[in-house]
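Enquirer: There's a structure below that I have some questions on.
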Amino acid sequence: MTKIVTCVDGSAITSAVTAAAVWASTKLNKPILFLHSLEKEQQHGADDYTGAIGLGARSALLEEMTKLDEQRAKVALQLGRELLDDVVRHAQDSGVADIESMQRHGEVVDSIGDLEEQTRLIVIGRNGKSHDNSFNALGSNIETLLRKAAHPVLLIPDNFKQPSSFMIAYDGRETADKALQRVIDGGLLHGLHCHLVSVKNNEKNLHDKFESAQRRLQEKGFQVTASYIEGDIFESLMAYKKSNNIELIVMGAFAHSKLRQFFVGSNTLKMLERSDIPLIVLR
Amino acid sequence: MLENMKREWFSNIRGDVLAGIVVALALIPEAIAFSIIAGVDPKVGLYASFCIAVIIAFVGGRPGMISAATGAMALLMVTLVKEHGLEYLLAATLLTGVLQIIFGFLKLGSLMRFVSRSVVTGFVNALAILIFMAQLPELTNVTWHVYAMTAAGLGIIYLLPYVPTIGKIVPSPLVCIVSLTIVSIVLGLDIRTVGDMGELPDTLPIFLWPEVPLNLTTLEIILPYSLGLAVVGLLESLMTATIVDDLTDTSSDKNKECKGQGMANIGAGLFGGMAGCAMIGQSIINVKSGGRGRLSTFIAGLFLIIMVVFLDDWVGQIPMAALVAVMIMVSIGTFSWSSITDLGKHPKSSNIVMISTVIVVVATHNLAIGVFVGVLLATLFFSNKIGRYMAVRSYFNEQEKVRTYEVVGQVFFASAEQFVNEFDFKEAVETVVIDLTHAHFWDITAVSSLDKVVIKFRREGATVSLVGMNDATATVVDKFGVHNDPKEVEKLFGGH
């Protein structure tokens, strides 16, 4: 059975992430798997600048560095264990019965990749431990994760409340169509009020596609408010979000290559950086 | 990809810069000393170290590893320089680079797995001995001043790190060099200096194509040297990469490292430098000083050339005695002392492999030949051991007058003769059954020795039948990659 893979790292965001996981688990009726990645920091050497190597320099250095790593890893393991116990208890108190937890060594993106086959949804905070309190900074792993992940990702800002409405930005491209289809097929957003928003762009037949998208959503039983607006994509979406009190955004991610993004920038990335509400990113 | 680059270059800026500087200071005397070993001007080694370090920082497969002009490589070029001169060395360096890139594309880095631990230890020990021996000419037929200076230098290098605070901040080899230079200048000692050994760089290296005729004769001269250089360079580089992998608990791309070494050597050859490779000692110093990323290697190269170009007058004044002291430290640091203390614990065959490697290298001054001999010996010892895993049991059925031989184990060229000897051809029986269900026939020598056994029995008038022939000979077929597939292995070794 696939699970809600929920990444926790003990940062201020953790409780919001846990709350989001509980919400997703109830909606989808899937178990939660709390994942704590033990990312290894660049260890420092002996910080010995003598540049001298004597007898058995290599084995002595190896021994010393192993000892340092060992101590650090033991502490990290212990802290991680306590963190996981904590969030599991929290989720249990919120009424989720089926909960697992797991610790893995390595980058969080790799750990998520290893769990790919048992994943239904990935829940992760939009920035991690090192970014506490700096709002605009997007966690360093997030972009890599979004480009790699084979499953939907729910990005959580530093607080979470159950959303009652969501906005889906539809630009007529293939990624947007796929995202739309997933919203229709999935169960997470059923019952929420849907705002379907298209910003006029140079896509052919955007308006026709937009209308058909609206129909598809309504057929599935969504209550849809559809808006077709003009202007700068990013700014218009943000303005719409603000004036309609949107509580969650769904978007298809990264239609373009990294190279293009480097030169022209990416709307996805701008949204990720500036959004203060939960985001669901679909690939 | 960008993210990866950022991590490999800029994730540890402070540590990398500091470590890079420490390494650069340690590299300068080594590069000069190795140039002298090779018989070229110090600037050839210094230019090489600069080019190789800077290029490998970008294209290497192991971040944080230091590559530059090395002793192992310098030792291989001595006769080439003596007989044909610098230009041919530069051409050979270019060819070395090309060969290494080809090796990289052919993924020959994976052949490293045939180089056993004993061979690696032998290689390292031989290298240490050769570096030490290369210092001896500087210590023969000289005045007592030189001995005193060298002894003082070693004293500073080894005792300074015990001085609290200062000892941990200042590189002791640097203190040794600076103080001995000052003493030598102040006292006006008439002893040999680096300046006496040849030209030092006064400019940045410039691009120059080696002035050698582009014909087959040139190729004939340089190819043997280039091959040796390419092999030794990759060997030492991959060994060092493994050491750095172990120390930092990270992984590296070995084939990328092969290609990177090749590119770095081509760069060195084009800018008037000699061939080089990764350095075990310097890489350990780098990690020990906190260097982890590509930036550390880059800074080491850059800082080295800046120091040398701007301080060339001063560098020329360094007494050779100071250099000798530093090189003795390098040699001691390179030698694997545990290999001596472990001699009693390790199996005899491993010790023979290690010691043979050392002896061959010291005798030929060629690390490539030593490694070759070591690998050969290790392989022979291994075949011998595996060959012993063969036994033939026999029993006689009184009623039916049938003699059954049951062969168990590995039959191949090393055990084929013993296999034949296990049968009793003198026994007069009518029927012989040879049960091969639990045997493996690995090569055609094994198969032909089985034929021999069958023919011999037939000549004695016995009827021979073979049991389990198909299972036993399945291994004759060369099936590469079988070991990765549990199902195939099960088929091959099924029922054993």
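Every number here is computed from the coordinates shown, using simple stated rules; none is lab data. None of the values given here were measured: they were computed from a predicted structure. No Cβ is skipped: glycine too gets one built from the backbone with ideal geometry, and neighbour counts run over all protein chains shown.
Enquirer: For labels at B:Asp249 and B:Ile359 in the simple 7 Å Cα→Cβ model, what's the distance in nm?
Expert: Between B:Asp249 and B:Ile359, the simple spin-label model gives 4.2 nm.
Enquirer: Pull up all non-local amide H partners of A:Ser101: gap of 5 or more, or a different chain, and H-to-H distance under 5 Å with H placed in the peptide plane.
Expert: Long-range HN contacts for A:Ser101: A:Phe34.
Enquirer: Here is a follow-up. Once the piece of chain linking B:Phe372 and B:Thr79 is laid out straight, how much longer is it, given 0.36 nm per residue of separation minus the C-alpha distance between them?
Expert: Extending this stretch completely gives an extra 103.5 nm.
Enquirer: What aspartates and glutamates sit close enough to A:Lys148 to cross-link, taking a C-alpha to C-alpha distance under 15 Å and skipping anything fewer than 8 places away on the same chain?
Expert: A:Glu107, A:Asp110, A:Asp114, A:Glu116, A:Glu117, B:Glu3
Enquirer: Same structure, new question: What is the angle, in °, between the Cα long axis of helix B:144-159 and the longest principal axis of the Cα atoms in chain B? Nearest 10 is fine, range 0 to 90.
Expert: Between helix and principal axis, roughly 70 degrees.
Enquirer: Give me the one-decimal nm value for the distance between modelled label points at B:Lys345 and A:Ile184, 7 Å along each residue's Cα-to-Cβ direction.
Expert: 6.9 nm
Enquirer: Which distance in Å, rounded to a whole number, links the C-alpha centroids of the stretch B:301-370 and the stretch B:181-196?
Expert: The two parts, judged by their Cα centres, are 25 Å apart.
Enquirer: By how many degrees, 0 to 90 and rounded to 10, does the Cα axis of helix B:320-334 deviate from the longest principal axis of chain B?
Expert: Around 30 degrees separate the two axes.
Enquirer: Once every DSSP H run of n ≥ 4 in chain A is given -39500 (n - 2.57) and the sum is divided by its residues, what mean residue ellipticity at 222 nm do you get, rounded to the nearest 500 deg cm²/dmol?
Expert: Helix-only estimate at 222 nm: -13000 deg cm²/dmol.
Enquirer: Order these peptides, B:75-82, B:293-300, by their mean beta-carbon neighbour count within 10 angstrom, highest first.
Expert: Highest-to-lowest ranking by the protection proxy: B:293-300, B:75-82.
Enquirer: Which one of B:Gly153, B:Ile285, A:Gln181 has its Cα pushed farthest toward the positive end of the charge dipole of the protein assembly as shown, where Lys and Arg give +1 and Asp and Glu give -1 at the Cβ?
Expert: A:Gln181
Enquirer: Run through the stretch B:152-248 and list the chymotrypsin sites (Phe, Trp or Tyr not before Pro) located in a DSSP loop whose Cβ has at most 11 other Cβ atoms within 10 Å.
Expert: Sites meeting the loop and neighbour criteria: B:Phe207.
Enquirer: Angle, helix A:14-28 long axis vs. longest principal axis of chain A, Cα atoms, 0 to 90°, nearest 10?
Expert: So the helix axis and the longest Cα principal axis differ by about 50 degrees.
Enquirer: What residues of the stretch B:174-193 lie in the reach of a label at B:Thr143, counting those whose backbone N is under 20 Å from a point 7 Å from the Cα along Cα→Cβ?
Expert: B:179-193
Enquirer: Show me A:24-34, B:246-256 ranked by packing, highest mean number of other Cβ atoms within 10 Å first.
Expert: A:24-34, B:246-256
Enquirer: Still on this structure, please answer the following. In peptide B:284-295, what is the residue-averaged number of other protein chain Cβ atoms found within 10 Å of each Cβ?
Expert: 5
Enquirer: Mind checking the stretch B:93-155 for trypsin sites (Lys or Arg not before Pro) that DSSP puts in a loop (not H, G, I, E or B) and that have at most 16 other Cβ atoms within 10 Å?
Expert: Passing sites in the stretch B:93-155 are B:Lys107.
Enquirer: How much length would be gained if the chain were fully extended between B:Met112 and B:Asp202, taking 0.36 nm per residue of separation minus their Cα-Cα distance, in nm to one decimal?
Expert: On the way: separation 90, 0.36 × 90 = 32.40 nm, distance 4.00 nm.
Extra length available between B:Met112 and B:Asp202 comes to 28.4 nm.
Enquirer: Report the Stokes-Einstein translational diffusion coefficient (µm² s⁻¹, integer) for chain B, Rh taken as the Kirkwood radius over Cα pairs, at 4 °C with viscosity 1.567 mPa s. Let's see the in-between values first.
Expert: On the way: Rh = 25.5 Å.
Answer, rounded: 51 µm²/s.
Enquirer: Follow-up. Once label points are set 7 Å from the Cα along Cα→Cβ at both B:Leu136 and B:Leu466, what is their separation, rounded to one decimal in nm?
Expert: 5.8 nm
Enquirer: Next up: So if I take the centroid of the Cα atoms in the stretch B:25-75 and the same for the stretch B:110-144, what is the distance between those two points in Å?
Expert: Cα centres, the stretch B:25-75 to the stretch B:110-144: 17 Å.
Enquirer: At 0.36 nm per residue, and after removing the present C-alpha to C-alpha distance, how many nm does the segment from A:Arg147 to A:Lys161 gain when stretched out fully?
Expert: 2.4 nm
Enquirer: Please go through the residue pairs A:Lys200/A:Lys270; A:Lys178/A:Lys242; A:Lys67/B:Lys6; A:Lys3/A:Lys27; A:Lys161/A:Lys200 and name each one whose alpha carbons sit more than 21 Å apart in this structure.
Expert: The answer is A:Lys178/A:Lys242; A:Lys67/B:Lys6; A:Lys161/A:Lys200.
Enquirer: If you take all C-alpha pairs in the protein assembly as shown, what percent of them are over 35 Å apart? Kindly include the intermediate steps, with their values, before the conclusion.
Expert: Values: 188237 of 303031 pairs.
Counting pairs separated by more than 35 Å, the tail of P(r) holds 62 percent.
Enquirer: A further question follows. Tally the DSSP beta bridges in chain A and give the antiparallel ones as a percent, rounded to 5.
Expert: In chain A, approximately 10 percent of DSSP beta bridges are antiparallel ones.
Enquirer: Which FRET efficiency value, to the nearest 0.05, is calculated for B:Lys6 and B:Asn215 with the Förster distance at 35 angstrom and r the Cβ-Cβ distance?
Expert: 0.15
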